[in-house]
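Please read the structure below before turning to the comments.
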Amino acid sequence: MKCKICGNKAVIKLRAHNIALCEKDYIAFFEKRVINAIKKYKMFDRNSKILVAVSGGKDSLSVWELLLSKGYKADGLYIDLGITEYSEVSKSKCMNFAKSRNVKLEIVKVKDYFGGLSVPEIAKRIRRKTCSVCGLIKRYIMNRSALEGGYDIIVTGHNLDDEVSTLFGNMIHWQVEYLARQFPIMDKNHERMVTKAKPFVTSTEREVAAYALIKGIDYIEEECPFSVGATSLFYKKILNELEKEQPGSKLRFLSGFYENSDIFQKFRKDLKLKSCERCGYPTTEDVCSFCKLRERTNNIVEKS
Ligand code: AMP
Ligand code: ZN
């Protein structure tokens, strides 16, 4: 197998793009696709002050690496969820990355907001699913840290497989309101909201893993222990079967959806966002769901 560009030995074959590439040309190919997505969806530019939300996994550390290597100004944010060993290992991967590149990493502990409780403990107390509590807390802390730090944009490591599985789920259940909002960039619609962007939306999980491997990025390979059995993983399995039979179908499905996104705009409910009475961050009600969660958890802690 030879590299289509230089003729040297290829290290990866990409059936979706009908191309085999050597290490050097693969990196150039991968970077170009990401930069194209950043420009196409007008995510940010080299003057933007970027905060990359890093979990210690391959996607978010790779997106940070790519942005730094291309001259973007990007600091990191790690949210310590308190998921025992998993959080300790992922935190140290982020810290080592930041130290070796001499870049700033902010660490925010969920326990500091919830009287010493970790995400699984919070979920258990209020009898809700760990992943939904975790998602709510991460979204809030990402936004608040970015705003308080004066950042223009939050970047996450969501890749094509993540996005296409979300799209598939939203279509299966005809979640038209979610479909109206699913896009590589989410603009702010409140003064205390920071724009979010996903530069890896056109890169598959396998492509990101190859980039991380070639670049020698040290990341946590284990998945979060709570993700076992997640519906999104089941959708990914189905979509990978489809991809095997029809290479390129994941990318076509997602980019076709983005190109036709106006079809769903009529379902968009642009709720007027208010400011939370407790914290001032955006909410559709009087008190935001994060503050409500804190209050509920505190009540239960005090009672027990
Ligand atoms: P997930 O919600 O686990 O699918 O992760 C999606 C994206 O959210 C990752 O690519 C990261 O950019 C970000 N993220 C996930 N977990 C954390 C964390 N503990 N701290 C900061 N960012 C995170
Ligand atoms: Zn609030």
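The values are calculated or read from the model by the stated rules, or taken from the named source; none is laboratory data. What you see is a predicted model, and the numbers here were worked out from it, not measured in a lab. Neighbour counts run over all protein chains shown; Cβ positions are idealised from the backbone, glycine included.
Looking at segment 263-276, which of its residues are of a type in the set (A, V, I, L, M, F, W, C) and at pLDDT 95 or above? Please lay out each step first, then the result.
Going through segment 263-276, the residues of a type in the set (A, V, I, L, M, F, W, C) turn out to be 263-264, 267, 271, 273, 276.
Cys276 - this is the single residue of segment 263-276 that is of a type in the set (A, V, I, L, M, F, W, C) and at pLDDT 95 or above.
Which count do you get for residues in segment 38-60 that are among the hydrophobic types (A, V, I, L, M, F, W, C) and more than 12 Å from Thr156 (Cβ to Cβ)?
Taking segment 38-60 and keeping what is among the hydrophobic types (A, V, I, L, M, F, W, C), we get 38, 43-44, 50-54.
Keeping just the survivors that are more than 12 Å from Thr156 (Cβ to Cβ) gives 38, 44.
Residues meeting the conditions: 2.
Restricting attention to segment 81-88, does a residue exist that is closer than 19 Å to Asp112 by Cα, part of a helix (DSSP H, G or I) and in contact with a strand residue (DSSP E or B) (Cβ under 7 Å, 6 or more places away or on another chain)?
We begin by selecting, within segment 81-88, every residue closer than 19 Å to Asp112 by Cα; these are 81-88.
Checking which are part of a helix (DSSP H, G or I) leaves us with 84-88.
If we keep only those that are in contact with a strand residue (DSSP E or B) (Cβ under 7 Å, 6 or more places away or on another chain) as well, we get 87.
Yes, segment 81-88 contains a residue that is closer than 19 Å to Asp112 by Cα, part of a helix (DSSP H, G or I) and in contact with a strand residue (DSSP E or B) (Cβ under 7 Å, 6 or more places away or on another chain).
Would you check if there is a residue in segment 117-137 being touching a strand residue (DSSP E or B) at 6+ places or on another chain (Cβ under 7 Å), closer than 22 Å to Gly150 by Cα and not small (Gly, Ala, Ser)? Walk me through it before giving the result.
Residues of segment 117-137 that are touching a strand residue (DSSP E or B) at 6+ places or on another chain (Cβ under 7 Å), as a first pass: none.
The answer is no, given that none of the residues of segment 117-137 is touching a strand residue (DSSP E or B) at 6+ places or on another chain (Cβ under 7 Å), closer than 22 Å to Gly150 by Cα and not small (Gly, Ala, Ser).
Yes/no per residue for (1) under 22 Å from Glu205 (Cβ atoms); (2) surrounded by 14 or more Cβ atoms within 10 Å (Cβ to Cβ); (3) more than 15 Å from the chain's Cα centre (by Cα):
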{"site": "Leu61", "(1), (2), (3)": "yes, yes, no"}
{"site": "Gly71", "(1), (2), (3)": "no, no, yes"}
{"site": "Gly82", "(1), (2), (3)": "no, yes, yes"}
{"site": "Lys91", "(1), (2), (3)": "no, yes, yes"}
{"site": "Ala98", "(1), (2), (3)": "no, yes, yes"}
{"site": "Asn102", "(1), (2), (3)": "no, no, yes"}
{"site": "Val108", "(1), (2), (3)": "no, yes, yes"}
{"site": "Asp112", "(1), (2), (3)": "no, no, yes"}
{"site": "Gly116", "(1), (2), (3)": "no, no, yes"}
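Let's see how each residue does on (1) within 13 Å of ligand 1 (Cβ to nearest atom); (2) closer than 23 Å to Leu51 by Cβ; (3) without any contact (Cβ under 8 Å) to a residue 60 or more places away in the chain:
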| site | (1), (2), (3) |
| --- | --- |
| Leu77 | yes, yes, no |
| Gly82 | yes, yes, yes |
| Glu85 | no, no, yes |
| Lys91 | yes, yes, yes |
| Phe97 | yes, yes, no |
| Arg101 | no, yes, yes |
| Val110 | yes, yes, yes |
| Leu117 | no, no, no |
| Arg125 | no, no, no |
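Between residues in segment 276-299 that are within 13 Å of Tyr140 (Cβ to Cβ) and among the β-branched types (Val, Ile, Thr) and residues that are near ligand 2 (Cβ under 8 Å from one of its atoms) and assigned to a loop (DSSP other than H, G, I, E, B), which pairs lie under 9 Å by C-beta distance while being six or more apart or on different chains?
Matching pairs, first to second residue: Thr283/Cys276; Thr283/Glu277; Val287/Cys276; Val287/Glu277; Val287/Arg278; Val287/Cys279.
Which of (1) within 16 Å of ligand 1 (Cβ to nearest atom); (2) in a loop (DSSP other than H, G, I, E, B); (3) at pLDDT 90 or above is the odd one out, the single condition Cys279 does not satisfy?
(1)
Just give me the residues in segment 127-139 being away from ligand 1 (no atom under 12 Å from the Cβ) and without any contact (Cβ under 8 Å) to a residue 24 or more places away in the chain, in sequence order.
Arg127, Arg128, Lys129
Among the candidates Glu223, Glu205, Glu259, Glu245, single out the residue that is within 29 Å of Thr130 (Cα to Cα), among the charged types (D, E, K, R) and without any contact (Cβ under 8 Å) to a residue 12 or more places away in the chain.
Working: Glu205 fails: without any contact (Cβ under 8 Å) to a residue 12 or more places away in the chain; Glu259 fails: within 29 Å of Thr130 (Cα to Cα); Glu245 fails: within 29 Å of Thr130 (Cα to Cα).
That would be Glu223, the only listed residue that is within 29 Å of Thr130 (Cα to Cα), among the charged types (D, E, K, R) and without any contact (Cβ under 8 Å) to a residue 12 or more places away in the chain.
Which one of these does Asp270 not meet: (1) in contact with a Ser or Thr (Cβ under 8 Å, 6 or more places away or on another chain); (2) away from ligand 2 (no atom under 16 Å from the Cβ); (3) charged (D, E, K, R)?
So the condition that Asp270 fails would be (1).
Being under 30 Å from Lys13 (Cβ atoms), of a type in the set (Ser, Thr, Tyr) and in contact with a strand residue (DSSP E or B) (Cβ under 9 Å, 6 or more places away or on another chain), is that true of even one residue in segment 150-170? Lay out the reasoning, then the answer.
Start the filter on segment 150-170 by keeping residues that are under 30 Å from Lys13 (Cβ atoms), which leaves 155-169.
Remaining after also requiring of a type in the set (Ser, Thr, Tyr): 156, 165-166.
Still in the running and in contact with a strand residue (DSSP E or B) (Cβ under 9 Å, 6 or more places away or on another chain): 156.
Scanning segment 150-170, I find at least one residue that is under 30 Å from Lys13 (Cβ atoms), of a type in the set (Ser, Thr, Tyr) and in contact with a strand residue (DSSP E or B) (Cβ under 9 Å, 6 or more places away or on another chain), so the answer is yes.
Given (1) of a type outside the set (A, V, I, L, M); (2) surrounded by 14 or more Cβ atoms within 10 Å (Cβ to Cβ); (3) within 16 Å of Ala180 (Cα to Cα); (4) at pLDDT 95 or above, identify the lone condition not met by Asn260.
Among (1) of a type outside the set (A, V, I, L, M); (2) surrounded by 14 or more Cβ atoms within 10 Å (Cβ to Cβ); (3) within 16 Å of Ala180 (Cα to Cα); (4) at pLDDT 95 or above, Asn260 violates only (2).
Among what's in segment 284-299 and is at pLDDT 95 or above and touching a Leu at 6+ places or on another chain (Cβ under 7 Å), pick the residue that is nearest to ligand 2 (Cβ to nearest atom).
Phe290
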